[in-house]
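What follows is a short report on a single structure.
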Amino acid sequence: MAATLELIILIGLPAAGKSSLYREKFAGTHLHVSKDLWPNATKREDRSARGRSRRGDQREMIEAALASGKSVVIDNTNPTKAERAKLIALARAHGASVLGYYFDINTRTAVARNAERTGRGKVPNVAIFTAAKRLQPPSRGEGFDQLFRVTIDKDRKLDIIELAPGECR
């Protein structure tokens with residue numbers, strides 16, 4: 001039986017645990033696309049996965065992966081419905097299922113997690129607060145086949161629950 005082609009959209013603040021979830025759950029099966037992996041690009045849309053040296057945008061990478069039958073995880077903040085709509089349309093054009101993982105993490109938790117980071121993983125706290133202002137919680141009505149809420153428990157473990165249709169938080 002062939003695996004289902006998927007586009008997984010991670011949604012949440014910087015330092016919310018998005019990359020941790022990718023590593024724990026999808027690293028062996030899905031292409032990782034993240035603007036953070038190409039931090040020296042001068043324009044955000046030029047950033048791509050795995051530090052590609054050739055200029056190209058994430059959309060090209062996603063399209064190429066889906067066209068070749070490879071599932072993809074988009075590991076960015078993806079804060080607005082408009083940004084997610086473009087990704088969902090792209091997935092649909094390739095017959096992929098669309099799954100969303102919404103990291104329901106407050107700014108206090110994100111700032112605390114960020115403080116524990118070092119090197120390029122650490123972001124200015126203003127990036128967390130800026131993303132929080134733009135963040136629109138997702139809903140199944142946007143076109144997700146499945147939508148999950150991710151929280152962090154007291155032991156810093158990611159808890160994942162599937163949301164029912166119509167539920168966003």
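Figures for the structure shown
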read-out: Point-to-point label distance, residue 126-residue 156, nm (Cα→Cβ direction, 7 Å offset); value: 2.8
read-out: Amide H within-cut-off set for residue 122, under 5 Å, with H built and near neighbours excluded; value: none
read-out: Karplus-derived HN-Hα couplings along segment 85-98 (A = 6.51, B = -1.76, C = 1.60, θ = phi - 60°), whole Hz, x at Gly and Pro; value: 4, 5, 5, 5, 4, 5, 4, 4, 4, 10, x, 8, 6, 10
read-out: Approximate spin-label separation residue 70-residue 27, in nm, with each point projected 7 Å along Cα-to-Cβ; value: 1.7
read-out: Cα centre as origin, Lys/Arg/Asp/Glu Cβ charges: segment 6-162 dipole, Debye; value: 540
read-out: Projected-area average for segment 86-146 over all orientations - Cα convex hull basis, square nanometres; value: 5.4
read-out: When segment 6-162 is reduced to its Cα atoms, the Kirkwood hydrodynamic radius in Å; value: 15.8
read-out: Order by protection proxy (mean Cβ within 10 Å, highest first), peptides 61-73, 147-159; value: 61-73, 147-159
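Throughout, read-outs are computed from the coordinates displayed, never taken from laboratory work. Predicted, not measured: the structure shown is a model, and the values here were computed from it. With ideal geometry, Cβ positions are generated from the backbone for all residues, glycine too; neighbour counts draw on all protein chains shown.
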